[in-house]
Amino acid sequence: MKILLTGGLGYIGSHTCICLKEAGHDTVVIDNLCNSKISVKDNIEKITGSEIAFYEGDIRDRGFLRDVFQREQRKQKIDAVIHFAGHKAVADSVEEPIDYFENNIAGTIDLLAVMEEENIRNLIFSSSATVYDPKSPVPYKENDPKSPVNPYGETKYIIERMLCSLAASKPSWNIVILRYFNPAGAHKSGLIGEDPGGIPNNLFPYILKAAKGELPALSVFGNDYPTPDGTGVRDYIHVSDLAEGHMAALKTMLTGRGEENPTVYNLGTGRGYSVLEIIEAFEKTNNVKVPYMIAARRAGDIAWSFASTEKAKKELHWETTRGIYDMCRDIWRFGQEDLV
Ligand code: NAD
Ligand code: UFG
């Protein structure tokens, strides 16, 4: 198959691109490099031993999109699009909501419009566990109530609603929505991983820098949550498991899907780890110290989040195979490459 990935040089897109190439598919990558580097392309090619078609540009530029689709379709039909491109930092979205509405929502509208023009109607969309109502009990099931609490989450939920309306009025569209839980880890080669730059907001990238001595002690945001050790619990999923989840979703979408359209799947492990458990696992796995201190709760954080994985297991025949030690080991190896 030939699959086009928007945001394909980003953290999750690059790992998915590797999986697709390793399974023998053709890939076309679009990225404007606003949160990734061109060296990722070289590293994907090094890992897979084959070239990827890459177009630098913005999904909000319909002329550019049309040109890429038409040029690539002349060679071979594009079977599906996986839409990763977007902004993803919760705190930034609170500061600059218009940027988030513009890039995530308007960008998706541009992509959908050009896909419709070019008769490509198979789409996988990157959504997030952040769409769930934090008041719902865990594990979150796909049909649980939604109530995003920040502009980033709102963009994901609005796009989900748009995709529902699109599939309802135009059933020739074939859409899968994947709600990721907390991606972590890196490619086992150590060449590809998450490179947030500056001071990371997310737990694993911060731990990596604190353990390397590049940042001061990790602030553990709150130890008075109603969890076993008082710190926040999340469902961390290895980014390579997540990438394989896309392969499974693609297969189900293009071969044997049911009536539901869009079909929504949680991609998580179904198990949560607390911040202190992650610190301990990181220290043990890599034989390093993670300096930390207990700090106040971070605004907007919740105590628990983890996925119900039943639907993905049953319908995608997919489940995670890597654990928390793999995530700790692989992110540390990536950190040693001095790319971070
Ligand atoms: P990322 O920032 O590493 O990757 C996104 C890529 O899209 C980047 O390479 C960026 O340069 C590109 N991009 C952004 N806007 C663009 C535009 N207008 N045109 C072209 N390219 C553009 O993020 P990621 O972690 O790989 O996330 C991928 C998707 O998954 C995002 O939509 C994100 O919201 C979603 N998601 C991520 C997480 C997470 O914790 N990483 C969790 C849930 C959902
Ligand atoms: N944490 C700390 N210190 C830090 C960073 C994080 O204690 O320096 C804690 C948080 O309080 C939380 C846990 O580590 O308990 C995980 O925090 P992250 O920031 O890594 O992840 P979140 O669960 O807050 O958010 C992530 C993504 C969002 C996405 C959400 C749900 O960043 O984009 O998962 O999928 F919406």
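We did not get these values from a lab; they are worked out from the coordinates using the rules stated. The model shown is predicted, which means the values in this text are computed figures rather than measured ones. Positions of Cβ are backbone-derived with ideal geometry, glycine not excepted, and every protein chain shown enters the neighbour counts.
Using the scaling law 2.2 N^0.38 Å as the reference, what is the normalised Cα Rg of the range 266-340?
Taking N as the residue count of the range 266-340, the ratio is 1.35.
How much net charge surrounds ILE109 when only the other residues with a Cβ under 12 Å from the Cβ of ILE109 are counted, with Lys and Arg +1 and Asp and Glu -1?
Here the count lands on -1.
Over the range 51-109, how many percent of alpha carbon pairs lie in each 5 Å bin up to the one with the longest distance?
Pair shares across the bins are 4, 15, 22, 23, 15, 10, 7, 4, 1.
What ³J(HN,Hα) values, in whole Hz, does the Karplus curve 6.51 cos²θ - 1.76 cosθ + 1.60 give for the range 232-240 when θ = phi - 60°, with x put for Gly and Pro?
3J(HN,Hα) across the range 232-240, in whole Hz: x, 10, 9, 9, 7, 10, 4, 4, 6.
Dipole of the range 70-197, Cα-centred, from +1 at each Lys and Arg C-beta and -1 at each Asp and Glu C-beta, to the nearest 20 debye?
600 debye
So what is the relative contact order for the range 50-193, in percent, with contacts set as C-alpha pairs under 8 Å and at least six apart?
25 percent
Using amide H atoms built in the peptide plane, which far-off residues or other-chain residues are under 5 Å from SER128 H to H?
TYR180
Please determine, in degrees from 0 to 90 and to the nearest 10, the orientation of helix 324-336 with respect to the longest principal axis defined by the Cα atoms of the chain, where the helix direction is its Cα long axis.
Compared with the principal axis, the helix lies near 80 degrees.
Per DSSP H run of at least 4 residues, take -39500 (n - 2.57); add these up for the chain, divide by its residues and hand me the 222 nm value, nearest 500 deg cm²/dmol.
Dividing the helical sum by the residues of the chain leaves -11500 deg cm²/dmol.
For the pairs LYS188/LYS212; LYS88/LYS209; LYS46/LYS209; LYS46/LYS156; LYS156/LYS313, flag any whose C-alpha to C-alpha distance is greater than 29 Å.
Long pairs (Cα-Cα over 29 Å): LYS46/LYS156.
Indicate, rounded to the nearest 5 percent, the antiparallel portion of the DSSP beta bridges found entirely in the chain.
5 percent
Whole-Hz ³J(HN,Hα) for each residue in the range 63-77, computed from phi via Karplus 6.51 cos²θ - 1.76 cosθ + 1.60 with θ = phi - 60°, x for glycine and proline: what do you get?
Once rounded to whole Hz, the list reads x, 4, 4, 4, 4, 5, 4, 5, 4, 6, 5, 5, 7, 6, 4.
Is the shape of the chain rounded, prolate or oblate, going by the alpha carbon gyration tensor and its root eigenvalues a ≥ b ≥ c, with a/c under 1.5 for rounded and a/b larger than b/c for prolate?
Note, shape of the chain comes out prolate.
Compute the acute angle (0 to 90°) between the alpha-carbon long axis of helix 275-286 and the principal axis of greatest extent of the alpha-carbon atoms of the chain; round to the nearest 10°.
In the chain, helix 275-286 runs at an angle near 90 degrees to the longest axis.
How high is the relative contact order of the range 151-218, in percent, counting Cα pairs under 8 Å that sit 6 or more residues apart?
14 percent
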